[in-house]
1. Among the residues of the range 298-316 satisfying the criterion of being on the phi < 0 side of the Ramachandran plot and in a loop (DSSP other than H, G, I, E, B), which is nearest to the chain's Cα centre (by Cα)?
2. Applying the selection to the range 333-351, what residues are assigned to a strand (DSSP E or B) and either farther than 17 Å from Arg279 by Cα or in contact (Cβ under 8 Å) with a residue 60 or more places away in the chain (or both)?
3. Name the residue that is surrounded by the fewest Cβ atoms within 10 Å (Cβ to Cβ), counting only residues in the range 79-103 that are outside any loop (DSSP other than H, G, I, E, B) and of a type in the set (Ser, Thr, Tyr).
4. If you go through the range 277-322, how many residues are of a type in the set (D, E, K, R) and crowded, with 23+ Cβ neighbours inside 10 Å?
Amino acid sequence: MSRFSRTITSIALLLLATEPSIAQERLDQWRGRQEKIKSVIERVVPCVVAIEGGCGVIVSEQGHVLSVSHVTGSVNRQVKVKLADGTVAGGTTLGSGRTVDVGLIKLDEDRKWPYLDVSGLPIPRPRIKEYVHPKLNLTAMRVITTKLQRASSRTQPAPEIGTYCLAFGYPLSFERGQPAVVRLGQVLEAGDNQITTSAVIMGGDSGGPLLDLDGRLIGISSRVKTSIDANLYVPVQVFRDRWQQLLAGVDVAHEEQKETVPESSKRPWLGVFGDTDRRRVRVRQVQAGSPADVAGLKPEDVIVTFDDTNVSTFPEVVRLLKRLSPGDTVNMRVNRYGTFLDLSAKLRSKE
């Protein structure tokens, strides 16, 4: 036998000896992940709630619900929240932040609610003088108008790239009265104000929690970009930094931008997040109270024409929108499950 033949034989024998052990190791790793996933799901699902137009997650025994601004809408608004067991509860919106897409709801009933324990962060609890009961007038408590105070210098490290994560939500196409849908993905990017993952966000999922396999809450679902592979989440640290303002009913974005956004920089706002789905413009999310919402646009609608122009990609819609101004009316033709509708939205600025 030649030296080459002996070498090939030795490599083959080595592979036969090592491959089964590698396969077994990988199998054991996935079995471990599976057990972690099962444990996280059992603990989190009872805390995930459906809200009109989106989702949220209860993070305190008193009934504080984290969500996003385009779901919670304006301050001191009455909302209905549905729990995994079918219970429907009333809630009141507290503070929000449109530029960073954060929102907070307080469930009205005085009882012990199922909640996701985030004490490991920890999300700071309200200081007595700054806490506002949602039934009271919030206007008098908007005292933080010049400089927002950070809740704490303590921070939660951003998740590492490649971290496995679980996204929970109630997509609009999913039958209500069932537990929350769970999707497995990995962290693709992680910054101070945004986490991107492969855990898909669909219409209705906005405000749902994102956790790692150790059960840590790491983000809240916000929106998708022009591709469904780019699913954006608001890091929990953003909520933590603004916790006192959210509790006090402060419009965080308004207070942050009041002195910095010049009149000339205001842009037309429609209030839609979408993507390109097989050469079609698919609406994924519609912000509550936005011009699109008032016009009657719904998640999962397909926009056929925008401003009397045929469109086949979401970036085309964005480009056409940038040509318009606040106060303009934009006409849209949409395909809603086979029925064509003509809608008109009067644009305005977000400020």
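The values are calculated or read from the model by the stated rules, or taken from the named source; none is laboratory data. Keep in mind that this is a model prediction, so the values were computed, not measured. Virtual Cβ from ideal backbone geometry, glycine too; neighbours counted across all protein chains shown.
1. First, pick out the residues of the range 298-316 that are on the phi < 0 side of the Ramachandran plot: 298-299, 301-306, 309-316.
Among the residues that remain, those that are also in a loop (DSSP other than H, G, I, E, B) are: 298-299, 301, 311-313.
Working: Lys298: 17, Pro299: 15, Asp301: 20, Val311: 26, Ser312: 25, Thr313: 23 Å.
That would be Pro299.
2. Of the range 333-351, the ones assigned to a strand (DSSP E or B) are 333-336, 339-346, 348.
Residues satisfying the conditions are Thr339, Phe340, Leu341, Asp342, Leu343, Ser344, Ala345, Lys346, Arg348.
3. Restricting attention to the range 79-103, the residues satisfying the condition of being outside any loop (DSSP other than H, G, I, E, B) are 79-82, 88-97, 102-103.
Filter again for of a type in the set (Ser, Thr, Tyr), leaving 92-93, 96.
Details: Thr92: 20, Thr93: 27, Ser96: 30.
By that ranking, first place goes to Thr92.
4. Going residue by residue through the range 277-322, those that are of a type in the set (D, E, K, R) are 277-280, 282, 284, 293, 298, 300-301, 307-308, 316, 319, 322.
Checking which are crowded, with 23+ Cβ neighbours inside 10 Å leaves us with 284, 301.
Count: 2.
Residue-by-condition table, conditions (1) assigned to a strand (DSSP E or B); (2) modelled with pLDDT of 90 or more; (3) acidic (Asp, Glu); (4) farther than 25 Å from Gln237 by Cβ:
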position: Ile105; (1), (2), (3), (4): yes, yes, no, no
position: Tyr115; (1), (2), (3), (4): no, yes, no, no
position: Gly120; (1), (2), (3), (4): no, no, no, no
position: Pro124; (1), (2), (3), (4): no, no, no, no
position: Asn137; (1), (2), (3), (4): no, no, no, yes
